[in-house]
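Student: Submitted below is the structure of interest, expressed as structure tokens.
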Amino acid sequence: MTQTISRRAVLGVALAGLGGAGAPVRAQSGPIRLALIESLSGSFANTGEAVARNLVWAIERVNARGGVKTATGPRPLVLERFDNKGQTEESLAMLRAAIDKGCRIVLQGNSSAVAAVLIDAINKHNEREPERRVVFLNYSAVDPILTNELCSFWHFRFDAHADMRMAALMGVIREDRALKGIYLIGQDYSFGQAVLREARRQLGQQRPDVAIVGDELHAVGRVKDFLPYAAKIKASGAQAVLTGNWGNDLTLLVKAAREVGFDGRFYTFYGNALGAPAAIGDAGVGKVVAVADWLPNVDTPESAAFYKAFRQRYPDPQSDYVHLRMQLMIAALAQAIERAGRTEAAALARALERADVTLAGRRGRMRAEDHQFQQPLVVGVMERQGAPGVPFDVEGSGYGFKVVREISAEQAAMPSTCKMVRA
């Protein structure tokens with residue numbers, strides 16, 4: 001297996017005084033290299049690039065204030081890109097390349113299958129090569145197993161896991177009294193399977209009157225025509241679809257559903273971005289429901305200012321994919337480096353266990369027992385921009401998400417079965 005990195009670029013965001021703020025960064029010990037291992041080509045390249053924009057913006061803010069303070073002086077953060085092409089084997093090659101490049105902090109999230117492989121590889125690497133140990137920051141891989149059975153001292157998840165997201169959606173489903181039949185569909189890998197498994201469990205507990213009229217999985221990133229699936233959904237008589245699909249698998253699914261005339265609700269994990277609102281159009285108004293850690297129409301001045309700042313940084317509507325949790329993740333990393341005074345993995349991990357950060361009026365804290373970030377969640381319903389509660393649209397589509405339910409960090413918390421071995 002080759003360790004060569006094609007399509008890799010170093011994002012030079014370590015310039016001093018970005019935006020005119022902060023003192024110059026004196027990189028006495030060189031930059032702190034963060035390795036982004038993600039799909040940067042292929043079917044899910046748009047998701048990888050969207051993540052990269054979020055991370056670049058967060059890193060720019062850290063460097064604008066002078067970088068992070070360490071025992072050897074202030075140091076800038078630099079993001080290095082490693083294209084795993086959406087493949088687990090390629091992810092392992094990119095991990096080795098990142099470590100050889102000097103990266104000791106790994107960032108990944110757009111696949112729970114990849115995250116599980118990285119956790120295992122990092123566990124083994126850190127035991128085998130203690131002088132080159134790394135930590136793994138996960139911003140989107142939400143299979144619950146990652147902070148339960150597979151929990152690791154070296155892994156930190158900054159997104160709510162699938163069961164937490166499902167519970168938030170169920171709060172809305174409980175109130176949908178018109179719902180009699182629901183169609184479950186997802187991607188056929190660990191995350192997609194976990195979503196449907198938990199949907200069946202929570203529906204049985206909270207809406208036993210709702211019939212599951214369809215329940216199927218499809219290949220990840222390989223289906224180009226979702227019309228046959230959409231036809232089955234319509235024929236089933238379902239009033240709603242529940243899916244954890246993301247990226248093009250979600251966009252193509254909702255486009256197909258619209259084409260066949262399905263007019264039911266979509267309960268989604270990711271229906272609020274990456275082309276989905278524009279694809280659904282008017283048919284989604286009042287019908288597409290999405291759960292997230294934050295939405296642009298959270299009704300606070302701090303939230304509005306945060307969103308406007310992102311759009312100023314990335315004015316192209318197609319770049320409108322901001323996630324507060326990714327910003328909180330980099331803030332937590334900077335806080336932990338400064339607490340530890342260094343980037344040695346064990347010291348950094350112990351500091352990350354105590355992460356407590358606030359941005360845009362939203363606070364998140366790391367739970368040390370399983371390294372699952374605890375933060376508020378919101379549920380939104382798609383509406384036209386300009387409707388009450390919808391000052392902002394998504395990706396210039398003319399549609400945004402009105403917040404209909406807010407869940408506190410304490411309400412969103414779930415118990416863990418993690419039995420962590422600490423370094």
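The values are calculated or read from the model by the stated rules, or taken from the named source; none is laboratory data. Bear in mind that the values here come from a model prediction, so they are computed numbers and not experimental data. Don't worry about glycine lacking a Cβ; one is built from the backbone with ideal geometry, like all the others, and counts go over all protein chains shown. In case anyone asks, the SASA skips ligands and DNA or RNA and just uses the protein heavy atoms, side chains included. Shrake-Rupley method; radii C 1.70, N 1.55, O 1.52, S 1.80 Å.
Student: Give me a comma-separated list of calculated 3J(HN,Hα) values for the range 208-219, in order, Karplus coefficients 6.51, -1.76, 1.60 applied at θ = phi - 60°, integers in Hz, x for any Gly or Pro.
Tutor: For the range 208-219, the Karplus curve yields x, 6, 8, 7, 8, 8, x, 7, 8, 10, 9, 4 Hz.
Student: Alpha carbon centre of the range 386-423 versus the range 271-315: separation in Å?
Tutor: The range 386-423 and the range 271-315 have Cα centres separated by 11 Å.
Student: Okay, moving on. Could I have the simple spin-label model distance between ALA71 and ASP176, label points 7 Å from Cα toward Cβ, reported in nm to one decimal?
Tutor: For ALA71 paired with ASP176, the spin-label model returns 5.4 nm.
Student: Further question: Measure off, as a whole percent, the carbon and sulfur share of the 1.4 Å-probe accessible area of the chain, all protein chains present.
Tutor: With neighbouring chains kept in place, the figure for the chain is 50 percent.
Student: Moving on. Amide H to amide H under 5 Å from GLU383: which residues, 5+ apart in sequence or cross-chain, H placed 1.01 Å off N in plane?
Tutor: The list, which skips near neighbours in sequence, is GLY286, GLY400, PHE401, LYS402.
Student: Follow-up question, since we're still on this one. Which value, in Å² and to the nearest 10, is the accessible area of LYS308 when all protein chains are kept and the probe is 1.4 Å?
Tutor: Number for this one is 120 Å².
Student: Please give me the summed charge of the neighbours of THR268: other residues whose Cβ is under 13 Å from its Cβ, Lys and Arg +1, Asp and Glu -1.
Tutor: Every neighbour counted, the sum reads +2.
Student: If you don't mind, another one. Arranged from highest to lowest average of other beta-carbon atoms within 10 Å per residue, in what order do the peptides 348-354, 37-43 appear? Let's see the in-between values first.
Tutor: Working: 348-354: 19.7, 37-43: 21.7.
So the order, starting with the most tightly packed, is 37-43, 348-354.
Student: Karplus couplings for the range 227-240 from phi (6.51 cos²θ - 1.76 cosθ + 1.60, θ = phi - 60°), rounded to Hz, Gly and Pro as x?
Tutor: 4, x, 5, 4, 5, 5, 4, 5, 5, 5, x, 5, 8, 7
Student: Moving to a separate point now. What list of ³J(HN,Hα) values in whole Hz, one per residue of the range 173-180 in order, does the Karplus curve 6.51 cos²θ - 1.76 cosθ + 1.60 (θ = phi - 60°) give from phi, with Gly and Pro shown as x?
Tutor: 4, 4, 8, 7, 6, 7, 6, 10
Student: Accessible area per residue of the range 258-333 at 1.4 Å probe, in Å²?
Tutor: Roughly 34 Å² per residue, with all protein chains present.
Student: List the lysines whose Cα sits under 20 Å from the Cα of LYS234, skipping any in the same chain fewer than 8 residues away.
Tutor: LYS180, LYS224, LYS255, LYS287
Student: Next question. Give the cross-link partners of LYS101 among the lysines, using a straight C-alpha distance below 25 Å as the criterion and excluding same-chain residues fewer than 8 apart.
Tutor: Candidates past the 8-residue exclusion: LYS69, LYS85, LYS124.
Student: Could you pull out every one of the lysines with an alpha carbon less than 23 Å from that of LYS308, ignoring same-chain neighbours closer than 8 positions?
Tutor: Qualifying lysines at Cα under 23 Å: LYS402.
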